[in-house]
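So the structure is just underneath, and the comments pick up after that.
What follows is calculated from the coordinates using simple rules that are stated; it is not laboratory data. Nothing here was measured: the structure is a model prediction, and the numbers come from that model. Reconstructed Cβ throughout: ideal geometry from the backbone, glycine too, with neighbour counts over all protein chains shown.
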Amino acid sequence: MLERIRRLKGDALRDLEALDSSEALERWRIKYLGKKSELNLILRGISELPPEERPAVGQEANRAKMDLKAAYEVKAEALKREELERALQEERIDVTLPGRPVPLGRLHLSTQTLREIYRIFAEMGFQIVETPEVETDFYNFELLNMPPDHPARDMWDTFYIDEQILLRSHTSPGQIRVMRRYCPEPIRVILPGKCYRYEQVTARSEFMFHQVEGLAVGKHVTMADLKGVLIEFCHQMFGKERKVRFRCSYFPFTEPSVEVDIDCILCGGRGCRVCKYTGWLEIMGAGMVHPQVLRNGGYDPQIFSGFAFGMGVERPAMLKYRIEDIRYFFSNDLRFLEQF
């Protein structure tokens, strides 16, 4: 029996030395160390041997099993290193090959338009200030000369979170926040951001859109200053050939108030379906800051005056690039976005 164990151990070690893969090593383990291996059968059959042979056979069998396990672990580690080196050789990267080009993203059309607006007003000395998208009724309406039950509130279809908190329906509440932050210093800022209105989505209106609010406050600020700034903006944004028209209008936070139009880009002012055959396209609302709004911002209207204006971002982009449907901006259709 002892000779049988020694012969079995020698055969196992010779077979182990010749192995060259993990799969062959696993088959070797099952054959020589598995539950049904010859060595395990010898160990289970020790009780059937004569009592005087059992100690020597048991010691020899256990010693052979331990030696084979140790040899197995050494061989497994060696095969793992060999297979890793082989894989690295086979999958080696040829650094002389040109790299694969990575497609670059691009700025969204709304962002491009915003940056163009920033550039134009920055050249005229306006700073950019961001204000909250989630507002209070107090800032969104009351401080802008629209107390509760004021009929002008119907001009904005508002998303209310509760009775006092809402998603801002315009960027105008930023006027009050900026005035209260900088009073009594002069102000010349634009306030860009998203606005939200509870209205039907159509080709010309979205429930979420960008606006840019403008505000200038100081001593001796006049309507002529407002007209000069907006005419310069229109010429830089839409072209020096554009004609600009100011029409009387009404906003509760400006007095007097005006609507600003440019001659239709598509038809050159001759009249078409886009401009409703008037030859003009509305681009923004504006006016002189109402004295009560100045007071709410901390300024004395006997000393200070100011002008304000508000414009969309998507609609000027629609005019400039002749886009017929505002819904394209937020539909994430690459066929549209990759054109700009």
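Go ahead and set up a Gaussian network model of the chain, Cα springs under 10 Å, then flag whichever of Leu107, Leu19, Leu191 fluctuates most.
Leu19
Please list log₁₀ I(q)/I(0) at q = 0.14, 0.20, 0.21, 0.27 Å⁻¹ for the stretch 106-163, using the Debye equation with identical point scatterers on the alpha-carbon positions.
-0.65, -0.87, -0.88, -1.03
Please say if the stretch 253-340 is rounded, prolate or oblate, where rounded means a/c under 1.5 for a ≥ b ≥ c the square roots of the C-alpha gyration tensor eigenvalues, and otherwise the choice is prolate for a/b larger than b/c and oblate otherwise?
oblate
Any chance you could get the radius of gyration and Dmax over the Cα atoms of the stretch 2-90, in Å?
15.7, 58
Give the separation of the Cα centroids, the stretch 126-178 to the stretch 240-273, in Å.
Here the two parts' Cα centres lie 25 Å apart.
For the stretch 58-161, what D do you get in µm² per second when you plug the Kirkwood radius from alpha-carbon pairs into Stokes-Einstein at 4 °C and 1.567 mPa s?
56
Between Glu38 and Leu107, what length in nm is gained on full extension when 0.36 nm per residue of separation is reduced by their alpha carbon distance?
Stretched out fully, the Glu38 to Leu107 stretch lengthens by 17.6 nm.
When the dipole is taken about the Cα centre of the stretch 203-340, and only Lys, Arg (+1) and Asp, Glu (-1) are charged at their Cβ, what size is it in debye, to the nearest 20?
Roughly 400 debye, rounded to the nearest 20.
For the stretch 118-181, calculate the relative contact order in percent as a whole number, restricting contacts to Cα pairs under 8 Å that are 6 or more residues apart.
Relative contact order comes out at 37 percent.
For the chain, build the convex hull from the C-alpha positions and give me its volume per residue in Å³.
About 293 Å³ per residue, rounded to a whole number.
Relative to the longest principal axis of the C-alpha atoms of the chain, give the angle of the C-alpha long axis of helix 22-33, reported between 0 and 90° and rounded to the nearest 10°.
So the helix axis and the longest Cα principal axis differ by about 40 degrees.
In terms of the Cα gyration tensor, with a ≥ b ≥ c the square roots of its eigenvalues, is the stretch 53-102 rounded because a/c is under 1.5, prolate because a/b exceeds b/c, or oblate?
prolate
Between the helical axis of 54-90 and the dominant principal axis of the chain, each derived from Cα atoms, what acute angle in degrees is found, rounded to the nearest 10?
40
Work through the residues other than Gly193 whose Cβ is under 9 Å from its Cβ and net out their charges, Lys, Arg +1 and Asp, Glu -1.
-1
Looking only at Thr113, Thr158, Thr96, which one moves most when the chain is put into a Gaussian network model with springs between Cα atoms under 10 Å?
Thr96
Tell me, how many Å apart are the Cα centres for the stretch 205-223 and for the stretch 274-295?
Cα centroid to Cα centroid, the span is 10 Å.
Rank Thr254, Val289, Leu107 by how far each Cα sits towards the positive end of the charge dipole of the chain (+1 on Lys, Arg Cβ; -1 on Asp, Glu Cβ) and give me just the farthest.
Checking the options against the dipole of the chain, the answer is Leu107.
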